[in-house]
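Okay, so here's the structure we're looking at.
The values are calculated or read from the model by the stated rules, or taken from the named source; none is laboratory data. As the structure is a prediction and not an experimental result, all values here were calculated from the model. Please note: Cβ atoms are built from the backbone with ideal geometry, for glycine as well, and neighbour counts cover all protein chains shown.
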Amino acid sequence: MKKLMILVLMMLGTSVAFAAQSDALKAILKAKTFDEAEALVKSSLNSLMGNEEKAAAYNKLTDLAMEKVSKEQEAMQNNQMVDQLKTGKLVPVDTIGYEKACYDAVLNGLECEKYDILPNVKGKVKPKFHDANANRLWPIRTQLIMYGQGIGEKDKNLALKVFSTYVDSNKSSLFSGIDQSKRPDEYLGEVSRVAAVYAYQTKDIDLANKYVDIALEDTSTYKQALDMKIFFASQGLKNREDSLKFEKTLEELYVKNPESDVVFGQLTSLYQSLGQPERGTKMIEDRLAKDPNNYTALAMKAQTDMNAQKYDEAIAGFKKALSVKDDEPLVYAYMGFCINAKAAASQSVQDQKNLYAESLPYLEKCRQIDPDRQHANWAYPLLQCYYSLYGENDARTKELETLIK
């Protein structure tokens, strides 16, 4: 009886120590093509036993994708040697297939890592695939950029997934051992910005904000990313509550970016529209005290004076702003509006003509910079000038009348 018990215990120990693979995993590991294996993983993922089998399944997908990668790399290397040595035979390269395979390899390598670093059936963490996958996947990671660019116009959702995979992989534990101190990811900011664009186009605003925040950390994409961040926050403002939420976002951005003229201009304008002009005025005064020639602050102060119908002060302010920066069509349009407003209020015909003559070059400059009126509507103020200076029958007057109609 004692010998029998020992035999039973040995058999039980053996069955635990050498547990057989599940049928689902066996089928996956026997797959010959990536598409076949991918279909099996999708259909039988829940049938796989534990984290180890799931890691093995995704590693199989990574292996099959890498077979395609290696095949196309060999073809490219062959063609390079043929070109250099001027001998041999060129072979076709499946560029799109290569880029897709790089994406498939990285994507499934990341999935493999997710399960590979989790406890196994014994409760221990013993990654099997981490090192090998990190070493073979990091060098091909940049190919995801090329793949995303190639499919962007055809499939925005897939492009978003590709760019998201690239960005997210930068912080993955899979590549935690890669030393980026000497050679940081130079593409991360731009790819994050592009991912934010695709996320917005696919109506995933949370994801758009996630990636634009990453782009904000890169000095090369900071300005564009900040503009996008503000744009995202400004969308869908249907009521005062939405506007106050936007106000809070701008205030938070201003704390983080106190030198940004973009955030400064947006926030001071919003204070005006929300009936808090004193807050905007305080910001402008503080800005000008620190930097008397700050273009945005000068233009905002002049606009505040214009809104208060303090036209002389506004005109002087806009002139000073133009002395700092002279390519903003809206400032020229505001100048013309202020001078025309003075002309309209004058009781002297000669003074009116003099004022319209003063206004004319600013409005014509505005038209020159912004002929399609995308940023400033110069047409009606300019028509006032033409009508007063040249008369209603002048060709210039008639042209503008047609344009306005």
- Message: Scan region 72-81 and tell me whether some residue there is in contact with a Phe, Trp or Tyr (Cβ under 6 Å, 6 or more places away or on another chain), of a type in the set (G, A, S) and assigned to a helix (DSSP H, G or I).
- Response: no
- Go through (1) surrounded by 15 or more Cβ atoms within 10 Å (Cβ to Cβ); (2) over 21 Å from L48 (Cβ atoms) one by one and return the number of the condition P92 breaks. (1)
- Message: Restricting to region 17-66, and then to whatever is out of contact with any helix residue (DSSP H, G or I) (no Cβ under 7 Å at 6 or more places or on another chain), small (G, A, S) and over 30 Å from I96 (Cβ atoms), can you tell me which residue is surrounded by the most Cβ atoms within 10 Å (Cβ to Cβ)?
- Response: G50
- Of the residues that sit in region 82-120 and are at pLDDT 95 or above, outside any loop (DSSP other than H, G, I, E, B) and acidic (D, E), which one is farthest from A159 (Cα to Cα)? D116
- Could you figure out which of (1) under 10 Å from the mean Cα position of the chain (by Cα); (2) surrounded by 15 or more Cβ atoms within 10 Å (Cβ to Cβ); (3) among the acidic types (D, E) isn't true of D218? (1)
- Qualifying position, being under 20 Å from L267 (Cβ atoms), free of Cβ contacts under 8 Å to residues at least 60 places away in the same chain and surrounded by 22 or more Cβ atoms within 10 Å (Cβ to Cβ), among A299, A314: A299
- Item | Whichever residue in region 1-23 is in a loop (DSSP other than H, G, I, E, B) and closer than 21 Å to G50 by Cβ and, among such residues, is modelled with the highest pLDDT | S22
- Determine the pairs where a residue that is at pLDDT 95 or above, located within region 337-356, has a partner that is of a type in the set (K, R) and surrounded by 17 or more Cβ atoms within 10 Å (Cβ to Cβ) with Cβ atoms under 7 Å apart, the partner being 6 or more residues away or on another chain. L355/K342
- In this structure, does V69 turn out to be among the β-branched types (V, I, T), in contact with a helix residue (DSSP H, G or I) (Cβ under 6 Å, 6 or more places away or on another chain) and not in a helix (DSSP H, G or I)? no
- Message: Please go through region 143-192 and give me each residue that is of a type in the set (D, E, K, R) and touching an Asp or Glu at 6+ places or on another chain (Cβ under 8 Å), ordered by number.
- Response: E190
- Task: Determine whether region 185-194 contains at least one residue that is within 12 Å of the chain's Cα centre (by Cα) and surrounded by fewer than 18 Cβ atoms within 10 Å (Cβ to Cβ).
- Result: yes
- In region 321-345, how many are over 26 Å from D291 (Cα atoms) and loosely packed, with under 15 Cβ neighbours inside 10 Å? 2
- When S176 is evaluated against the numbered criteria (1) among the small types (G, A, S); (2) closer than 23 Å to D213 by Cα; (3) in contact with a Lys or Arg (Cβ under 6 Å, 6 or more places away or on another chain), which criterion, by number, is the only one it fails? (3)
- When region 24-37 is examined, which residues are found to be part of a helix (DSSP H, G or I) and either in contact (Cβ under 8 Å) with a residue 24 or more places away in the chain or outside the structural domain of A101 (by TED's automatic domain parsing) (or both)? A24, L25, I28, L29, F34, A37
- Task: May I ask you to verify whether E241 is surrounded by fewer than 18 Cβ atoms within 10 Å (Cβ to Cβ), over 30 Å from I117 (Cβ atoms) and modelled with pLDDT of 95 or more?
- Result: no
